[in-house]
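The values are calculated or read from the model by the stated rules, or taken from the named source; none is laboratory data. All figures in this text were calculated on a predicted structure; none of them were measured in a lab. When we count neighbours, we look across all protein chains shown, and the Cβ atoms used for this are built from the backbone with ideal geometry, even at glycine. The accessibility values were calculated without ligands, DNA or RNA, using every heavy atom of the protein model including side chains. Shrake-Rupley method; radii C 1.70, N 1.55, O 1.52, S 1.80 Å.
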Amino acid sequence: MTSKFNKVFSVYLDPDEFMLLSESAFEHVLQLTENRLLSFNGNISMKEFWGLLNVVWQVEPSNNQKLKVPDIAGLGASTFVVSPMYSHLFLNDFGKNIELLECNNDGEKWLAFNVLGFDSALNEDLSERNMRNDRPDRIRKFKRMVFNKSGITNPNLFRVRETGLFYYTTDAENSLYSIVTKNSISGLFFKEVECC
C-alpha cells in the first residue's frame, strides 16, 4: 500500500546557485575501457556491478559567481547525490524503487539515487502538450501537465516516462520533499504539479 499524499512536485536543481558533481575524468576512462557507461535511465539496476564512483565538483573557470556547495547535488543532469551529513535520512525505507549507490567525493561518502522504473501517472486527457512546428517540443513537453494520483505507486521519488528525465516526489511522510523541507536540506527546489 502506498503512503498517503496530497500534493505532487517536480524536483529541480539550481545550477546558478549550487555546484554540481560529475564523474571524474578517470571514471569516464574506466567506463569506456570496460564498456559499462553509467546510465541512470530507470531501466536497469546498477547495484550488482556498482563500484565506488569517484565524483568531483564541476567548476567553470570563467564563472565569477560563487556557487554554494549543496547538501544534495546533481550528478550532471542524470540524478541526485546526497551528502554524508544527510545520507542517513534516506537509508531506511526511503523507497522500494530507489537504489542508493556509494560515491567518493574527496574522501567523503555521498550516495547517488538510482530511481528504477516509471510510474504511469500522466493524465493524457487533461494534459496539454507543447507543440512546436507541428511536433511535440523536446525541451518543454507540456503547456499543462496533470498527474493521476492513482498512478503514483512510488510517492517518495519517481519518474514518468512520458515527461522525460524529470524526477517527481509527493508530500507523503517519507518522501524526498518531506525529508528535504523538514531538515532544511539545500540544493533542490520543488514546483507543484497539478494532480487529480
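Below are the figures for this structure:
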| quantity | calculated |
| --- | --- |
| Of residues in segment 22-55 being assigned to a helix (DSSP H, G or I) and either modelled with pLDDT of 80 or more or of a type in the set (Val, Ile, Thr) (or both), the one farthest from the chain's Cα centre (by Cα) | THR33 |
| Positions within segment 154-182 being open to solvent by 50 Å² or more (accessible area, probe 1.4 Å) and either assigned to a helix (DSSP H, G or I) or closer than 17 Å to ASN43 by Cβ (or both), in sequence order | ARG161, GLU162, LEU165, PHE166, TYR177, THR181, LYS182 |
| Condition met for ILE185 (under 15 Å from ASN6 (Cα atoms) and buried (at least 16 other Cβ atoms within 10 Å of the Cβ)) | no |
| PHE118 open to solvent by 20 Å² or more (accessible area, probe 1.4 Å) and at pLDDT 95 or above | yes |
| Tabulated pairs, segment 41-60, first over 26 Å from THR163 (Cβ atoms), second open to solvent by 50 Å² or more (accessible area, probe 1.4 Å) and modelled with pLDDT of 85 or more, C-beta under 7 angstrom, 6+ apart or interchain | LEU52/GLU102 |
| Among residues of segment 56-88, those that are modelled with pLDDT of 95 or more, among the aliphatic types (A, V, I, L, M) and crowded, with 19+ Cβ neighbours inside 10 Å, counted | 4 |
